[in-house]
Amino acid sequence: MLQPAHAAFSTILASFPFSYDLLVVPEQFPRIFTFVMAKRSPLRDLRYRCSVQLAGALFLSTILLVIFHRDVDIHRSVQTFFYPNQACGMAELFVSRGDSSMLPHLPGFQRRNFRRATLLHTETPVSAASHREIFSSWRDVVDASSRFSKMYCESFILYSVLVQHATAEDRLTKAPVARPRISAKHCAVILALRVLTDASEYDSVQSLQKFEQTERRLESLGWKVFSANCTLPRVLSRRASRIPKLSPSIFFPNTERVLYSDIKYLSVISKVEATALARVLLQGAHFGILQHPIRDDLASEGSAITMQAKEKRPTMVDNLDVMREQISALRSKLSVEQQNVYAIDGGLHARVLRGEVNSSFLDALWLDEYTRGCDRDQIAFFGAAARAGLRRVYPFSCQDKFDRAGVYRSTLDRSFTMTIHCKLSRALACARFWT
C-alpha cells in the first residue's frame, strides 16, 4: 500500500511550483514524521496547527483519490481544490466522459434534424425578398472569407461583424477596438458591410471614405477585414449584421472552431488569448455562451428593450409591436423555467463548426427564429433553445439568483451539448489560468 501511495504523492507534489525533494524520498519519512511531531507542542499557535491539519487532510484525500481512481487527471484534480466552482475544466471532463448519470429520462438517440423541431409560429415584418437581399449583400464577403478559412485558418478563427452606415450608433462606430490576442495572427477577422444610401454622389463618396478609414484602422491593429458595398435600407442593417453572427459556417466552412464577439467586447477580450477563451466557453461542448448578467427572464428582456427604445435608443429594435407579439407567442409555448434559463448575452459565444456533431443544429434554429420575429437575437434564442429541447444536465455554481448556468443537452440529439456560463469576468479568469 505504501508504494502506490508514495508514487501518487510524488506525482501530486510534482505539479506544484515548489521544491519538495525531501518529502519524496521514502527513507526520509520517519525523520520527517519525528521532526513534525517535535514541533507540535501546546505552545504552537492554534491557527498554525489547524493549517497543518487541513493541509494534511487535503493531501491525504488526494492520495486516496488517486489510489482508488487511477484514471483520474492529476493536474485537473489539483485545479479543482484551488478553483472550486469556477467551471474551469470540470464541465469539459463531464462532457468528454459522455456522463449520463445526471440526465433526466430522454428519448432515444436521434440524428440532428431541423424539421423535427417544433415551430413556434412567430411572425416577421420582413419580406422574403428582403431576406434574399440581406443574404446576397454578403456574397462577396462569403467568397473571400471561405477561401481564407481554407487557406489559413482551418483550426480556429476569432471574428466580429461591422455593418457601417451613415446613421450608425456611436456605441458601435466609436467602440474601442484593441489588437487581437491570438496565437494564429492571421485568424482575427472582421466581416464588414458598407451600407450606402441613395443620397447625393458627394454624400456617398464621403461615407465610403469614412467607412474605408475605419477598416484601415482595424487592419493596422492586426485584424483581417473582408468588406463589401451594398444598398440595403438602413432598417435592415441590424438584420444584415446577424447573418454572420448566427451562421458562421457559411463564412468559415473549413474552420473547426470560432469565437464570435460583438464589437463592444473586442477590447475586453483582448486581455486573454482567444483560443483559450473559446475553450473555456465550450468546455468540450459544441456551443458556449454567457448568461445574461441582469435579465431575469424573457419578459424582463422585452421590457428593457422597450424602455431603451422609448427613452434612449429609438433604433434599439426595428418594430416594437412585432417584438411584443413574438414574446407573447414564446411565453405561451415555453415553460416558466425555459423563460428563465435561456436568457443569454448574445455578444460573445464560441462554436464547433466541423465534425460529426457541431453547432449547425442550434445555429439553424436560432436563425430561423430570428427571421420570424424582431431583430433582437436574444429574444430569438429563447425560441431556438426551446425548439432544440435543451435541458441542463450539469450545473455551474454562480452564487447568483438565476440558477441557469451549466451544461445543456438536446432532447432531439443527445450528442449535442451547450454550455451557459456565469459571467464574462469568470470566463476571462479561467482563460488566463489555462493560457
Hz values of 3J(HN,Hα) by residue in segment 260-267 - Karplus curve (6.51, -1.76, 1.60), Gly and Pro given as x: 9, 9, 4, 3, 5, 9, 4, 5
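So, with +1 on the Cβ of K and R and -1 on the Cβ of D and E, and no other charges, what is the size of the charge dipole of segment 178-327 about its Cα centre, to the nearest 20 debye?
Dipole size: approximately 520 debye.
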For Glu219, net neighbour charge (Lys/Arg +1, Asp/Glu -1) across residues whose Cβ lies under 12 Å away: +2
Could you check the simple spin-label distance between Thr306 and Lys150, using points 7 Å along Cα→Cβ, in nm with one decimal? 5.0 nm
Show me 226-234, 156-164, 408-416 ranked by packing, highest mean number of other Cβ atoms within 10 Å first. 156-164, 408-416, 226-234
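From the mean inverse distance of alpha carbon pairs (Kirkwood) and the Cα radius of gyration, derive Rg over Rh for segment 300-431.
Ratio of gyration radius to Kirkwood radius for segment 300-431: 0.97.
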Cleavage-rule hits (trypsin sites (Lys or Arg not before Pro)) in segment 372-402: DSSP loop, at most 12 neighbouring Cβ within 10 angstrom: Lys401
Please list, in order along segment 297-311, the HN-Hα scalar couplings obtained from phi with the Karplus expression 6.51 cos²θ - 1.76 cosθ + 1.60 (θ = phi - 60°), rounded to whole Hz, x for Gly and Pro. 6, 4, 5, 5, 5, x, 5, 5, 5, 4, 5, 5, 5, 7, 9
Could you give the size of the charge dipole of segment 270-393 about its Cα centre, using +1 on the Cβ of each K and R and -1 on the Cβ of each D and E, expressed in debye and rounded to the nearest 20? 200 debye
Computed P(r) (all Cα pairs; segment 114-434; 10 Å bins; percent): 6, 27, 37, 25, 6, 0
With a cut-off of 8 Å between alpha carbons and a minimum separation of six or more residues, what is the relative contact order of segment 299-435 in percent? 19 percent
In Å, what is the Rg of the alpha-carbon atoms in segment 374-435, and how long is Dmax? 13.6, 39
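Quick note: the coordinates plus some simple rules give every number you see, no bench work behind them. From a predicted model like this one, the values you see are computed outputs, not experimental measurements. Reconstructed Cβ throughout: ideal geometry from the backbone, glycine too, with neighbour counts over all protein chains shown.
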